[in-house]
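A.B. asks: This is the structure I want to talk about, given as C-alpha cells.
Bear in mind these aren't lab numbers, they're just calculated from the coordinates by the rules spelled out. Bear in mind that the values here come from a model prediction, so they are computed numbers and not experimental data. For neighbour counting, all protein chains shown are included, and Cβ atoms are generated from backbone atoms with ideal geometry for every residue, glycine included.
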Protein chains: 2
Amino acid sequence: MKKHNFSAGPCILPQSVLKQASEAVENFNGLDLSLIEISHRSADFVAVMEKARKLVLELMNLEGKGYSVLFLQGGASLEFLMVPYNLMSIGGKAAYLDTGTWSSKAIKEARILGEVEIMASSKDSNYSYIPKDYVVPSGVDYVHCTSNNTIFGTQMKEFPKTEAPLICDMSSDIFSRELDFSRFDLIYAGAQKNMGPAGTTLVVVKDEILGKTGREIPSMLDYKVHISKDSMYNTPSVFAVYVSMLTLDWLKSLGGIKEIERRNVEKARLLYDEIDRNPLFRGAAATEDRSDMNVTFLLTDDSRKQEFDALCKAKGINGINGHRSVGGYRASIYNAMPLESVAVLVDIMKSL
Amino acid sequence: MKKHNFSAGPCILPQSVLKQASEAVENFNGLDLSLIEISHRSADFVAVMEKARKLVLELMNLEGKGYSVLFLQGGASLEFLMVPYNLMSIGGKAAYLDTGTWSSKAIKEARILGEVEIMASSKDSNYSYIPKDYVVPSGVDYVHCTSNNTIFGTQMKEFPKTEAPLICDMSSDIFSRELDFSRFDLIYAGAQKNMGPAGTTLVVVKDEILGKTGREIPSMLDYKVHISKDSMYNTPSVFAVYVSMLTLDWLKSLGGIKEIERRNVEKARLLYDEIDRNPLFRGAAATEDRSDMNVTFLLTDDSRKQEFDALCKAKGINGINGHRSVGGYRASIYNAMPLESVAVLVDIMKSL
C-alpha cells in the first residue's frame, strides 16, 4: 500500500534519493564495492563530501562569503554544547530565545560554560507562540534562536537583530524557505528532516567568529579542528553524508530553495485552510507563528478520534500522532512530502 | 570484477548484510517505508536497537553481569573525551598505555580534564611493538589501553592487571577473538571495522563505575544520560545501528566469536607465513605483537613495487596501501574478509 509519511523526523525523503541510496549500498559508483565498505579517504567518497559542502553553500547563496560547511556527528544536541564551547568567552554571557523543548535543551548545555540570558520565553503558554517584543541585550558573546519548533508547530518569521554573532538551530526547517542566510554567523541542523537520514549534522559557520574565546576546546568539539580536516578529523558518517548530498542535489535540480518554498507554502496552506474551515479541528499554534513544516492540530470533539484515526490508517497516513507535550496531531510536511499526500489527509478531514 | 576489499576502515562487511541493508533502504520490514524515513521511536526501530544491544551482551558473554550497551555517535574519537569526562575525578589521574596514534589522541583529550600517567610507550620505535614490562600505578581513576593498532599492525595479547577500572578502545578488533570481556569495565569501538558502517560507536560499560566523579557532565557526554534513554536521548544513527545489528546477527549465526576467531587466525597465519617465507617481504610489527586484523608489511626490494601493485590491481585487490606513518602495505583482514580473498593476495606474493 502507498504510504503517506508525515513522520516528524527521521522523515520522508525523495523516492529517487532512496532508490539511489539503496543501490549505492550494494554497488557504489560502479566500483563493485558497497558505499559503506570503502575508505572515507578514497577519491570516490572525498568527492561526495566536497559536492555536499558545495551544494550547501550554493543553495544558501553563501559562496565566497567566508563560511565553512561541516558534516559532523552527534545531532543538534551535540551542537548545543559545541556552540558555547566555541563561542562563549570565559566568564562570558550569551542570549537565548526560548521557543520550545530544543531551545531549553540548548540553554541547559550553554549554562555549563557561562551565563545565559533568556531574552524571552513562551514556556508559560506551552510554547504555542514565538515571543516577539523582546530586547536583544548588548555585550553578549552571541545570540541563539531556534527557527522552527518541531514539537509545537511554531516557526520564526523574523530573527533577532543584533551586532553579536547570530546562531540558529535550523534542524527542522533548513532548506525549506528563502532567508538571507548571510545574516547568520552559525547555522546548525541535524540532517534527519529536510537534508537526509539521521547520523550527520550540518554546521555552516562564518570562519571569522571562531578562535576568539581563549578557551581550551576538546578536539572533537572544536569547529576549527573539523574545518582544518574538511570534516574528516575522524571517520565521518559516510552513508548519512552521501544521502544528504543526494537530497541536496535533488533540491537543486528541482529549482532550489525558491521552488521548494513555493511548494511548501502550497502544502501548508491546503492543510491550515482545512483546519480553519472545519469546526472539528483547531490549530495548536498561534496563527501568525504557524510552521510550514510541522502542522499541529487538535480535534474539537474527542469522540471522533477513533473514526479519524481509522480513516487515516485505511488511507496509509503514517506518523501524525502529536508529540505527548501537545497532544492531538502533528502532520510534518517537509520538503520531500508531495502535495498529493497532504491532499489525502485533507480529504479525510473534509469527510468528517 | 570481484573485488577483494582489504580496506582498513570503513571496511568489508558480510555480503548478506549489505544486501539486507540495501533492501531496507527501499522497504523496511515490509512497511512500504524506507528504514531511513521512519521514526526512531517506532516499534520497528526500537526492536532493532534492543536486538543490537542484546546481541552485544550475548556475543561477549556479559549478560546479567551489570553492563549497559550504548550506540552513540562521534566515533572512538569522541569517546577519548567521554571516558575522562565520566571517570576522571576532579584533580584526578588516569594511566594510559601509549601504543599508537589512537592511544596518543586519547591521551591528549584526557589531559584536558586531569593528569595522565603514561605507563609505557613504544613511540620511540614508531609503535612497532606493544610495551610489556610496565608498572600499573595504583591510586588512579582508571587504566586505559588500545587493544589493536590499525595503523601499525600490532595487537595486545595481554591486558593490564589493575584494581582500577580497566578501559579499552577495541575499535579495530572487537568481536574478533575470545577474551574475558568481564575483565574490562568499559569497552568502546567505532562500528566501522568488525561491527558495521561508520556512524555509530559501541560503548559497553559496567554501570557501577559511573557517577562517582562529582563532575558536571554535559548531557551528550554523559553515559548515564544515554543509558537512562536507551541510546535514544537524541535521534540515533538509525542506518548504522541497523546494519550493526545485522552484522552482529550474522556473527552469531555462524557460531559467534569462537568460530570467527578460528577463521581470523587461519587467515592471519596464511598471510604472515608468506611474509616470513618470501624474502621479498618483511613484517612491519614485532612478531609476538602481530595483529590478526591489520597485517602490515614492507617490500625488501622497492624496485618490485610497480610489479606487485599492478598484479594486485589486476586481481581486484583493494585498499592495501600502508598508512603514511608506516609505509609499505597493510592488508586488513577483518571478520567479514573471506579466506579466499587472502589466498588471492598470497598467491600474488608467491608469484613474485
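A.B. asks: How about region A:292-352: which trypsin sites (Lys or Arg not before Pro) there are in a DSSP loop, with at most 14 other Cβ atoms within 10 Å of their Cβ?
C.D. replies: When the trypsin sites (Lys or Arg not before Pro) of region A:292-352 are filtered for loop state and at most 14 Cβ neighbours within 10 Å, A:R324 remain.
A.B. asks: State the Cα centre-to-centre distance between region B:219-281 and region B:32-82 in whole Å.
C.D. replies: 13 Å
A.B. asks: Only helical DSSP H runs with n ≥ 4 go in: add -39500 (n - 2.57) per run for the protein assembly as shown, normalise by residue count and round the 222 nm mean residue ellipticity to 500 deg cm²/dmol.
C.D. replies: -11000 deg cm²/dmol
A.B. asks: Compute the label-point distances linking A:P338 to its equivalents in the other copies; points lie 7 Å from Cα along Cα→Cβ; give nm, one decimal, shortest first.
C.D. replies: Once sorted, the set of distances for A:P338 reads 4.0 nm.
A.B. asks: Other chains near B:76-85: what is the mean number of their Cβ atoms within 10 Å of each residue's Cβ?
C.D. replies: 3
A.B. asks: Distances from A:E50 to the same position in the other copies: list them in nm, one decimal, shortest first, using label points 7 Å from Cα along Cα→Cβ.
C.D. replies: Its label point is 4.7 nm from the equivalent points in the other copies.
A.B. asks: Please state the shape class of chain A: rounded when a/c is under 1.5, otherwise prolate if a/b exceeds b/c and oblate if not, all from the C-alpha gyration tensor.
C.D. replies: Here chain A falls in the oblate category.
A.B. asks: Just the Kirkwood number for the protein assembly as shown, please: inverse of mean 1/r across all distinct Cα pairs, in Å, one decimal.
C.D. replies: Hydrodynamic radius (Kirkwood, Cα pairs) of the protein assembly as shown is 26.5 Å.
A.B. asks: Hey, got the average number of other protein chain Cβ atoms within 10 angstrom for residues in B:231-239?
C.D. replies: Per residue, the average neighbour count from other chains is 6.
A.B. asks: Where a ≥ b ≥ c are the square roots of the eigenvalues of the C-alpha gyration tensor, would you call region B:256-351 rounded, which needs a/c under 1.5, or, failing that, prolate if a/b is larger than b/c, or oblate?
C.D. replies: Because a/c hits 1.5 or more and a/b exceeds b/c, region B:256-351 counts as prolate.
A.B. asks: When only Cα pairs under 8 Å and 6 or more residues apart are kept, what is the percent relative contact order across region A:201-352?
C.D. replies: Relative contact order for region A:201-352 comes out at 20 percent.
A.B. asks: While we're on this one: Between the label point of B:D276 and that of the same position in each other copy, find the distances and list them shortest first in nm, with every label point placed 7 Å from Cα along the Cα-to-C-beta direction.
C.D. replies: 8.1
A.B. asks: Using 0.36 nm per residue, how much length does the chain from B:Q306 to B:L280 gain when fully extended, once their Cα-Cα distance is taken away?
C.D. replies: Length difference between fully extended and current span is 8.0 nm.
A.B. asks: If you don't mind, there's one more thing I want to ask. Label A:S253 and B:E216 with points 7 Å out from Cα along Cα→Cβ: what is the distance between them in nm?
C.D. replies: Roughly 4.9 nm, to one decimal.
A.B. asks: Of the GluC sites (Glu not before Pro) in region A:39-136, which ones lie in a loop per DSSP and count no more than 15 other C-beta atoms within 10 Å?
C.D. replies: A:E63
A.B. asks: Over chain B, what relative contact order in percent results from Cα pairs under 8 Å that are six or more residues apart?
C.D. replies: Relative contact order for chain B comes out at 24 percent.
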